[in-house]
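Peer 1: Sharing a structure below in structure tokens format, with a few things to ask.
Each reported figure results from applying straightforward, stated rules to the coordinates on display, with no laboratory input. All values derive from a computational prediction rather than experimental measurement. Positions of Cβ are backbone-derived with ideal geometry, glycine not excepted, and every protein chain shown enters the neighbour counts.
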Number of protein chains: 2
Amino acid sequence: MSEHPNIQEAKRPERATADTVAKLAGVSRVAVSRAFNPHASLKKEKRDLILKIAKELGYTPDMAGRALVTRRSHLVGVIVPDVCSPWESQEIDALTTALQGEGFATLLFKTRTDQSMDERLLTYMKGFNLDSIIAFAENVSPDTLTHSLGRAVPIYVSYSEDGSLPNQPGSTSVFDRLIVDQKTGIDQAVALMQAYGCKDFAYLGGTTTSLANTERERAFKSIMKERGLPEPLVLQGDYTYETALASTLDLFKVGEGVDGIFSANDVGAFGVIDALRFQLGLRVPEDVKVVGFDDIAQSGWLSYNLTTVKIDLEDRVRALVRLILRRLKDPNAPAMTETLQTRLIVRGTVGS
Amino acid sequence: MSEHPNIQEAKRPERATADTVAKLAGVSRVAVSRAFNPHASLKKEKRDLILKIAKELGYTPDMAGRALVTRRSHLVGVIVPDVCSPWESQEIDALTTALQGEGFATLLFKTRTDQSMDERLLTYMKGFNLDSIIAFAENVSPDTLTHSLGRAVPIYVSYSEDGSLPNQPGSTSVFDRLIVDQKTGIDQAVALMQAYGCKDFAYLGGTTTSLANTERERAFKSIMKERGLPEPLVLQGDYTYETALASTLDLFKVGEGVDGIFSANDVGAFGVIDALRFQLGLRVPEDVKVVGFDDIAQSGWLSYNLTTVKIDLEDRVRALVRLILRRLKDPNAPAMTETLQTRLIVRGTVGS
DNA sequence: ATTTAAAATGAACACGTTTTCATTATTCGT
DNA sequence: ACGAATAATGAAAACGTGTTCATTTTAAAT
């Protein structure tokens, strides 16, 4: 009966290995490996026995050992400047859920606050043999990434068809891309603001090095021109509440007659709204109309009830995961591009 | 000169290995390994040469190979029900920063929304050979964790000295613990509410299975009793804005005369405030006083300007990392306990 | 019943590192 | 200048797995 030693008896229960299971099941170690790979050919009853004993022993294939030979770490790196930022935390959340479902785990890395990509961080990341990399800090140079990383497949998110980035003729690297068409949503926003009588527009930017901000600003200005509106005022920002608040205060200190503010992200819009309402004594939307970008969860909260341009997070994450899995299955596949739409969510910060 | 083949020439630049570097530097692979371990004994000039060539080649020690022999993955698992929750995202952010500084990476795992700990998730995690695990989903049974995980060292966060959890006499497992003394902060909160004339208190709970909530409710009730106040009304909650909003609406629908609400977390408090102000036409703090718990970034935003009990995040993360590193250095060290204090941050939702 | 194809199996090797261990080169004290 | 202590060095083994390959077993086809 008890031909094998009681596992619990050992003071430090040594991690069960494939050999342990094999010996107990009376099969070779290879069989154990096969039992955990659904596509391997193995007699059904033998697989069942192995799996049963494995569960009994609490055995799980060691990822490190597996990664060494398969050259797949099942690790996806996510680089963020700030996890707390609601949009990013929501995306990380969705991404983690989706990846976990596919058998991948999310590895988190933080850039410095100035978003300057640290050489040390990159070589550090390289050591983990990431299967793929998603960089939210979009100012990371694609060449830097490619050069500094191993087998990982970076995916680039750009914000316009003629995006200023990757796949340059000179570069041999090929990037899968996710293009977000922001113009449609922003146009709807401007149209609405215009319909409610906005005359004097301002654009509150995000971090200036961020690609999302650059392209958002470009789209906004282009729309203004198309609609025959004057060049908008541009406020300095960095996606944070505090800076947005301060910038708004500065703006109205010099007595500008701005009556419509478009913020590069929702959190910034919150700062704008709070500055207007609580420090400048102005009403939103009666005196000044405000529109944000992202549609994070907080935008639906009644205190802000923000009208904002939405990127569908579900769609976005689905597309990202699709790109990752495809690239993983065939590393030589040609570069692929997914496109995402944006649309305006109308709430209470523009009209009644 | 060019005795070695040009790396760039290869179509798929094979990942440089320790052997590659060794051959180029004219040393043994062992020397390369030693060059990357500061404590190993190696002639300075030789180490410099190796490091130079390594950088040139973009070589980084492979973590998988290293983990296999050192039995240290340099991976710390973080289990969360919801990354978007501000408090948790802030903690993840701080944790990632701190761990990254110590050479560890953060691996993210999500529990199901009902927080029921999935057996499959655990065995899945086990495969990664985590060095340590921090479980935010506090309802995970400690025995389950210990049994299902490998060398990882879980850390438990409890919320009272006589905490109802780990280190039971029967269990052989030893847990390092972080105790958060919430009573001090909550007492200050109640004192302030009382000073501003609160008579009729209510407690808005978090997820009922959460240890933080259980202990928070216990502390609140105990304080009420100590101060000779009547047993408070308890509102059902789950830490979300939406539920808090709905619960508050329900509360005042039956015409209760509650004039002081303490929420188990800040996000819940936001829901309470918005329900009062925008749906019930009541003023905060004039008609009803509200206090939250956590002191997340949003609590300082002017629209809410929430008075709340603060757990110092920096302290908390520092303590966690300290526990992890100590346990990693000496797996046999006796269980250790760190304690954290809480204190009230006074803003505008109680008095003027 | 016999041939043919397919499925199942295990031995040996490979993945990239760190860690003994025994050996050689260096420094130190007098 | 000499023995003793110390630092530096590389060969071989180990970590836990997946994959080839040649062999054996089973099933299918005539």
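Peer 1: Assuming a ≥ b ≥ c are the square roots of the Cα gyration tensor eigenvalues, decide whether the protein assembly as shown counts as rounded (a/c under 1.5), prolate (otherwise, with a/b larger than b/c) or oblate. Could you put the intermediate results ahead of the total?
Peer 2: Details: a/c = 2.07, a/b = 1.24, b/c = 1.67.
It is oblate, given that a/c is not under 1.5 and a/b is not larger than b/c.
Peer 1: Could you grab the relative contact order for chain B? Cα pairs under 8 Å, six or more apart, rounded to a whole percent. Display every interim value, and only then the final one.
Peer 2: On the way: 593 pairs, mean separation 49.8, N = 352.
Worked out over chain B, it gives 14 percent.
Peer 1: State the extension gain, in nm to one decimal, for the chain segment bounded by B:Arg326 and B:Tyr196, taking 0.36 nm per residue of separation less the distance between their alpha-carbons. Don't skip to the end; give the middle numbers.
Peer 2: Numbers: separation 130, 0.36 × 130 = 46.80 nm, distance 4.57 nm.
So the chain would gain 42.2 nm between B:Arg326 and B:Tyr196.
Peer 1: B:Pro331 label points, 7 Å along Cα→Cβ, one per copy: pairwise distances from this copy to the rest in nm, shortest first?
Peer 2: Once sorted, the set of distances for B:Pro331 reads 3.3 nm.
Peer 1: Can you bin chain B into rounded, prolate or oblate? Criterion: square roots of the alpha carbon gyration tensor eigenvalues sorted a ≥ b ≥ c, rounded for a/c under 1.5, prolate for a/b above b/c, oblate for the rest. If you can, show how the numbers build up before the last one.
Peer 2: On the way: a/c = 2.89, a/b = 2.34, b/c = 1.23.
Prolate is the answer for chain B, as a/c is 1.5 or above and a/b outweighs b/c.
Peer 1: In whole Hz, with x marking every Gly and Pro, tabulate ³J(HN,Hα) for the range B:216-232 from phi via Karplus 6.51 cos²θ - 1.76 cosθ + 1.60, θ = phi - 60°.
Peer 2: Ordered by residue, 3J(HN,Hα) equals 5, 5, 4, 4, 4, 4, 4, 5, 4, 5, 4, 8, x, 9, x, 3, x Hz.
Peer 1: Within the range A:25-50, whose backbone N sits under 19 Å from a point 7 Å along Cα→Cβ of A:Glu14?
Peer 2: Counting only backbone N, you get A:25-30, A:32-33.
Peer 1: Mind checking which of A:Leu57, A:Leu229, A:Leu121 has the largest fluctuation in a GNM of chain A, springs on alpha carbons under 10 Å?
Peer 2: A:Leu57
Peer 1: Tell me, what ³J(HN,Hα) does each residue in the range A:270-283 have, in order and in whole Hz, if you take phi through Karplus 6.51 cos²θ - 1.76 cosθ + 1.60 with θ = phi - 60° and put x for Gly and Pro?
Peer 2: With the stated coefficients, the range A:270-283 comes to 4, x, 4, 4, 5, 5, 4, 6, 9, 10, 10, x, 9, 9 Hz.
Peer 1: Measuring from centroid to centroid over Cα atoms, what is the spacing of the range A:66-91 and the range A:42-59 in Å?
Peer 2: Cα centres, the range A:66-91 to the range A:42-59: 31 Å.
Peer 1: In whole Å, how far is the Cα centre of the range B:213-258 from that of the range A:218-265?
Peer 2: If you average the Cα positions of each part, the centres end up 42 Å apart.
Peer 1: Tell me, in nm to one decimal, what length is gained between B:Asn305 and B:Leu249 on full extension, where the rule is 0.36 nm per residue of separation less the Cα-Cα distance? Mind showing how you got there, number by number?
Peer 2: Values: separation 56, 0.36 × 56 = 20.16 nm, distance 2.12 nm.
The span from B:Asn305 to B:Leu249 would gain 18.0 nm if fully extended.
Peer 1: Calculate how steeply helix B:44-57 sits against the longest principal axis of the alpha-carbon atoms of chain B, using the helix alpha-carbon long axis, and give the answer as 0 to 90 degrees to the nearest 10.
Peer 2: Approximately 80 degrees, to the nearest ten.
Peer 1: So which residue, out of B:Val32, B:Val291, B:Val234, gets the largest mean-square fluctuation from a GNM of chain B using Cα contacts under 10 Å as springs?
Peer 2: B:Val32
Peer 1: What percent does the relative contact order of the range B:196-344 come to when contacts are Cα pairs within less than 8 Å and at least six residues apart? Present the calculation step by step, with values, prior to reporting the outcome.
Peer 2: Details: 221 pairs, mean separation 29.0, N = 149.
Rounded, it is 19 percent for the range B:196-344.
Peer 1: Can you list the residues, at least 5 places off or on another chain, whose amide H is less than 5 Å from the amide H of B:Asp176, using H built in the peptide plane?
Peer 2: Answer set, sorted by chain and number: B:Tyr156, B:Met336.
Peer 1: Relative contact order for the range A:7-61: what percent, with Cα pairs under 8 Å and sequence separation of 6 or more? It would help to have the intermediate numbers written out before the result.
Peer 2: On the way: 49 pairs, mean separation 22.6, N = 55.
Once divided by the residue count of the range A:7-61, the mean separation gives 41 percent.
Peer 1: Next question. Taking H placed 1.01 Å from N in the peptide plane, check which residues at least 5 places from B:Leu204 or on another chain put their amide H under 5 Å from its amide H.
Peer 2: Under 5 Å from the amide H of B:Leu204: B:Leu235, B:Phe262, B:Ser263, B:Ala264.
Peer 1: Of the residues B:Ser89, B:Ser33, B:Ser247, which exhibits the maximal mean-square fluctuation in a Gaussian network model of chain B defined by a 10 Å Cα contact cut-off?
Peer 2: Evaluated over chain B, the most mobile residue of the options is B:Ser33.
Peer 1: Follow-up. Provide an ascending nm list, one decimal, of label-point separations from B:Ser41 to the equivalent residue in each further copy; define each label point as 7 Å from Cα along Cα→Cβ.
Peer 2: Inter-copy label distances (nm, one decimal, shortest first): 5.6.
Peer 1: Using only helices, what value at 222 nm comes out for the protein assembly as shown when you add -39,500 (n - 2.57) per DSSP H run of length 4 or more and divide by the total residues, to the nearest 500 deg cm²/dmol? Kindly include the intermediate steps, with their values, before the conclusion.
Peer 2: Working: 24 runs with 272 residues, N = 704.
Roughly -12000 deg cm²/dmol at 222 nm, from the helical runs in the protein assembly as shown.
Peer 1: Scanning chain A for GluC sites (Glu not before Pro) in DSSP loops with at most 11 other Cβ atoms within 10 Å, what's the longest stretch left with none? Spell out each step's value before the answer.
Peer 2: Details: sites that count: A:Glu3, A:Glu14, A:Glu161, A:Glu286.
Result for the longest clean stretch: A:15-160.
Peer 1: Explain nothing, just compute: Karplus ³J(HN,Hα) = 6.51 cos²θ - 1.76 cosθ + 1.60, θ = phi - 60°, for every residue of the range B:261-269 in order, whole Hz, x for Gly and Pro.
Peer 2: The phi angles translate into 10, 10, 9, 5, 8, 5, 4, x, 4 Hz.
Peer 1: Next question, about the same structure. Among rounded, prolate and oblate, which fits the range B:183-311 when a ≥ b ≥ c are the square roots of the eigenvalues of its C-alpha gyration tensor, a/c under 1.5 means rounded, and a/b larger than b/c means prolate? Show your work: numbers first, answer last.
Peer 2: Working: a/c = 1.24, a/b = 1.13, b/c = 1.10.
It is rounded, given that a/c, with a ≥ b ≥ c, falls under 1.5.
Peer 1: Copy-to-copy spacing for B:Asp200, label 7 Å out on the Cα-to-C-beta vector, in nm, shortest first?
Peer 2: 4.9
Peer 1: Check which residues have an amide H placed less than 5 Å from B:Leu344's amide H, if you skip close sequence neighbours.
Peer 2: Amide H to amide H, under 5 Å and 5 or more residues apart or across chains, B:Leu344 pairs with B:Lys310.
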